Amino acid sequence: MIGSHRLRRLAPLGVAAVLALALAACAQSYPNTTFTPHSDLGRSIDFLWNRLMFFGTIVFVLVEGALIYVVIRYRRRSEDVTPPQTHGHVLLEITWTLIPAAILAFIAVPTVRTIFQTQAPAPANSLVIEVYGHQWWWEFHYPQYNFTTANEIYIPKGRTVDLVLRSKDVIHSFWVPQLAGKRDAIPNHTNHIWFTPDSNMATTVWNGFCTEYCGDSHGEMHFRVVTVNPDQFASWVTRQQAPGFFSPPPAPAAPAAPAAGATPAAPAAPTPAAPTATPAQLAAYILPRAQVPDYAIPHTPFPDAIKFDDKLQGDPAAGEKLFVGAGTCNACHTVAGNPLAVGMIGPNLTHVGSRIAIAAGMYVNDKPHLSRWIKNARLMKSGVLMPTLGKGQYDPQTKATTPSGLSDQQVADLVAYLQALK
Ligand code: CUA
């Protein structure tokens, strides 16, 4: 009795606590929620979810209510009396077979219709993006515009995007919660997911995730999707098509005037022109860093074990030389326009300087993080292929210290070069 008395006193407190929790939840914003869809596919899935919850709740309340009623109403009231035993009731049997069948029809018809809609081929004029899952980063190729990028894509609002999902190693899964559902990227198999981002939403950044366990750094296999207006998208495309460049190319030096009387020297063979960008490409659209919402900026701190003098000034030209030096960065990375940088193992770095994050969304793309990443990536992300490059750094994969390697000044030069690749 004392127990039930205390229970009665505590009940209002419990109800108040639950209500306070529910109200507190309303005040938060959830950037990675699936419950505020911003595409047609997202809304179809949301509709199915709401319908399932609605009928599921009705069934739950009715069944649990009936159960509790029967347990109390027909309980054994005395040790001496056995309650009446009944078996079989045709009307009841028919009723509780027909009602679930009707409910299932209400759920199954829209579910099957949505499955057929979303498995159908994408409309012919869709924007195609080929997506390749890697351990642990994402490669994105725009075949209609002929460029490749990594871990960050722009898509135009109001135009259907057809993502062609493949994997280069193990099974990954592509998921942008606010835009669409999950779909696997499977080796030796092509999957599609297509949706049309809402045309009336604000230009913003959405977080994307790998949602199929794929090894050590599965939890650090993120990407960003930036939804922009069609004209901003067209502008961004022109920049992505431009070669990687770090500064306006120097004007060719005027040939020295020949000394009087001397035969003019034969003109030197023209050096191959450095890749350049047109003024339109230089002025092309990139979401300004100030407009990137905080939830899309990684806040992972770098490990204190990697020391670096952040005051060192880098030289981008020296960095480019290092980048394409024998067996260095160019063995794995491509910088479009540079014939010496065509590696295919790591992310394409043509415009890496304009990306929000590095290491597939794990660290913010700034000098302190990028320099330490180059120095000792393996200490910053478990299992990465990127080797430990800093001189005297301990490599946690080979369990050895790198005797030779890059000095801090060389790392600073590389950072200056990469940051300039906008
Ligand atoms: Cu890729 Cu999990």
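The values are calculated or read from the model by the stated rules, or taken from the named source; none is laboratory data. All values derive from a computational prediction rather than experimental measurement. Using ideal geometry, Cβ is built from the backbone for each residue, glycine included, and neighbour counts are taken over all protein chains shown. Areas reflect the complete protein model, heavy atoms only, side chains present, ligands, DNA and RNA absent. Shrake-Rupley method; radii C 1.70, N 1.55, O 1.52, S 1.80 Å.
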(request) Could you please let me know if F116 is at pLDDT 90 or above, loosely packed, with under 10 Cβ neighbours inside 10 Å and within 30 Å of F47 (Cα to Cα)? (result) yes
(message) If I filter segment 84-95 for residues that are open to solvent by 90 Å² or more (accessible area, probe 1.4 Å) and either of a type in the set (S, T, N, Q) or closer than 30 Å to R159 by Cα (or both), do I get at least one hit?
(response) yes
(request) Considering each residue of segment 406-419, count those that are touching a Leu at 6+ places or on another chain (Cβ under 7 Å) and open to solvent by less than 40 Å² (accessible area, probe 1.4 Å), and give that number. (result) 6
(message) Which residue is nearest to the ligand (Cβ to nearest atom), if the candidates are limited to segment 208-249 and must be open to solvent by less than 10 Å² (accessible area, probe 1.4 Å) and among the hydroxyl-bearing types (S, T, Y)?
(response) S217
(request) Scan segment 158-169 residue by residue and report those that are surrounded by fewer than 21 Cβ atoms within 10 Å (Cβ to Cβ) and away from the ligand (no atom under 14 Å from the Cβ). (result) G158, R159, T160, D162, V164
(message) Just to be sure I understand the filter: pairs with C-beta atoms under 6 Å, separated by 6 or more residues or on different chains, first member in segment 82-97 and without any contact (Cβ under 8 Å) to a residue 60 or more places away in the chain, second member surrounded by 10 or more Cβ atoms within 10 Å (Cβ to Cβ) and not charged (D, E, K, R). Which pairs pass?
(response) P83/Y74
(request) Quickly run through segment 170-202 and pick out the residues that are assigned to a loop (DSSP other than H, G, I, E, B) and within 12 Å of the ligand (Cβ to nearest atom). (result) V170, I171, K182, I186
(message) Any residue in segment 346-360 that is more than 20 Å from Q241 (Cα to Cα) sitting within a Cβ distance under 8 Å of a residue that is of a type in the set (S, T, N, Q)? List the pairs, counting only those 6 or more apart or interchain.
(response) A357/N151; A357/N365; I358/N365; A360/N151; A360/S217
(request) Test I186 against the criterion of being touching an Asp or Glu at 6+ places or on another chain (Cβ under 7 Å) and open to solvent by 10 Å² or more (accessible area, probe 1.4 Å), and give yes or no. (result) no
(request) Given the conditions (1) surrounded by 19 or more Cβ atoms within 10 Å (Cβ to Cβ); (2) within 15 Å of the ligand (Cβ to nearest atom), report the number of the one that V205 does not fulfil. (result) (2)
(message) Among the residues of segment 119-155, what is the count of those that are touching a helix residue (DSSP H, G or I) at 6+ places or on another chain (Cβ under 6 Å) and surrounded by fewer than 21 Cβ atoms within 10 Å (Cβ to Cβ)?
(response) 2
